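Enquirer: Below are the structure tokens for one structure; questions will follow.
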Amino acid sequence: MSTKTSAEIIRDGLWTNNPALVQVLGLCPLLAVTSTVVNAIGLGIATLLVLMGSNLAVSLIRNFVSPSVRLPAFVMIIASFVTCAELLMQAYTYELYQILGIFIPLIVTNCAILGRADAFASKVPPLPALLDGAMMGLGFLGVLIVLGGMRELIGQGTLFTDMHLLLGPMAADWTVQVFRNYPDMLFMVLPPGAFVGLGLLIALKNGIDTRLEERRKARATDTVAAGSKRVRVTGHIS
């Protein structure tokens, strides 16, 4: 495969090939737990750590694993890192772990993680693989946070509720009451609201990409027009 530059890897993970908005992978936990910002951050950080660890490990063993067993080996590596993330959450953020429930172990089945391990990390050296895992994880985390913030704001009229579940007592007063006497909109807190919110985010990204492409084409056309010369032809052609 052609070697990607660091800039291309960063751009792919955060925008061009974002796992949630472009690849549309890992939607089960993304739609299920993003009712609040703290839930989104908790799941996003766990996914980020698993992506980075599994990409790095897969890259390190890429020359020692037979092609016939590479996928089972990758799944075992991912499962090991998910177990580590699960144990860390049980130790330090137990209440948040209980809220996220089954969706932490289900990170093992996230197609974005196995897909990056097989399509990229298994073909490149450790540093690009680690960078790819970090950028894909950050791209996924960013979408989780934006969707969680949107659903919490529209659904409850607040932001950063229960941040102490993740950051401890210092975040106990971080709740921002954006709207006073807000009538809760239950629709946005429930799964249908998650589908609507994600659809709006995908439409927004596609709209931005379309505008950027139109501007790029307009600039290219202007450049060609500015560089063209007028040629005067005299006489006639028989």
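Enquirer: Order of 77-86, 50-59 by packing, highest average Cβ count within 10 Å first?
Expert: On the way: 77-86: 19.2, 50-59: 25.0.
Going by the mean number of other Cβ atoms within 10 Å, highest first, we get 50-59, 77-86.
Enquirer: What translational diffusion coefficient, to the nearest whole µm²/s, does the stretch 16-97 have by Stokes-Einstein, given a Kirkwood radius computed over alpha-carbon pairs, a temperature of 37 °C and 0.692 mPa s viscosity?
Expert: The estimated diffusion coefficient comes to 230 µm²/s.
Enquirer: Also, I was wondering about something else. Using square roots of five times the C-alpha gyration tensor eigenvalues, list the equivalent-ellipsoid semi-axes of the chain in whole Å, biggest first.
Expert: With the √(5λ) rule applied to the chain, the semi-axes are 40, 29, 14 Å.
Enquirer: Report the paramagnetic label zone for Asn63: residues of the stretch 88-127 whose backbone N is under 13 Å from a point 7 Å from Cα along the Cα-to-Cβ axis.
Expert: 123-126
Enquirer: Ok, one more. Can you give me the span-like helices of the chain, meaning DSSP H runs with 20 Å or more of Cα extent along the axis and Kyte-Doolittle mean at or above 1.0? Write down the numbers at each step before the final one.
Expert: Details: long enough: 37-61 (36 Å, 2.00); 70-92 (33 Å, 1.39); 126-156 (43 Å, 1.25); 191-227 (54 Å, -0.02).
Helices passing the filter in the chain: 37-61, 70-92, 126-156.
Enquirer: Right, next: Between Val176 and Ser80, what FRET efficiency follows from the Cβ-Cβ distance if R0 is 41 Å, with the result rounded to 0.05?
Expert: Calculated value: 0.60.
Enquirer: Still on this structure: Send over the semi-axes of the stretch 125-192's equivalent ellipsoid, whole angstrom and largest first, taken as the square roots of 5 times the C-alpha gyration tensor eigenvalues.
Expert: 31, 17, 8
Enquirer: Taking the Cα centre of the chain as origin, sum charge times position over the Cβ atoms of Lys and Arg (+1) and Asp and Glu (-1), and report the length of that vector in debye to the nearest 20.
Expert: 1360 debye
Enquirer: Further, regarding this structure: Once fully extended, how much extra length lies between Arg211 and Tyr92, figured as 0.36 nm per residue of separation less the alpha-carbon to alpha-carbon distance?
Expert: Length difference between fully extended and current span is 38.4 nm.
Enquirer: For the stretch 99-138, report the % of Cα-Cα distances exceeding 15 Å.
Expert: Values: 365 of 780 pairs.
The calculated P(r) of the stretch 99-138 puts 47 percent of pairs beyond 15 Å.
Enquirer: Relative contact order for the chain using alpha-carbon pairs under 8 Å, separation at least 6, rounded to a whole percent?
Expert: Computed value for the chain: 29 percent relative contact order.
Enquirer: What size of dipole, in debye to the nearest 20, comes out for the stretch 100-211 about its Cα centre when the only charges are +1 on Lys and Arg C-beta atoms and -1 on Asp and Glu C-beta atoms?
Expert: Roughly 260 debye, rounded to the nearest 20.
Enquirer: Something else about it: What aspartates and glutamates sit close enough to Lys217 to cross-link, taking a C-alpha to C-alpha distance under 18 Å and skipping anything fewer than 8 places away on the same chain?
Expert: The qualifying aspartates and glutamates are Asp209.
Enquirer: Using only the Cα atoms of the stretch 76-171, what do you get for the radius of gyration and for Dmax, in Å?
Expert: Answer for the stretch 76-171, Rg first and Dmax second: 15.7, 46 Å.
Enquirer: Between beta-carbons, use under 11 Å as the cut-off and find the net charge around His164, counting Lys and Arg +1, Asp and Glu -1.
Expert: Overall, the nearby charge balance is -3.
Enquirer: Still on this model: I want the local charge near Val22. Using Cβ-Cβ distances under 10 Å, sum +1 for each Lys or Arg and -1 for each Asp or Glu among the other residues.
Expert: Within the 10 Å Cβ shell, the charges total -1.
Enquirer: Let me ask you something else. Using mean Cβ contacts within 10 Å as the protection proxy, how do 36-45, 193-202, 11-20 order, highest first?
Expert: Numbers: 36-45: 24.1, 193-202: 16.8, 11-20: 19.6.
Final packing ranking: 36-45, 11-20, 193-202.
Enquirer: What whole-number distance in Å separates the alpha-carbon centres of the stretch 31-104 and the stretch 133-185?
Expert: A separation of 21 Å, based on Cα centres.
Only the coordinates and a few stated rules stand behind these numbers; no lab work does. Fair warning: this is a prediction, and the values are worked out from it, not measured in the lab. Note that we place each Cβ from the backbone using ideal geometry, even for glycine, and neighbour counts take in every protein chain shown.
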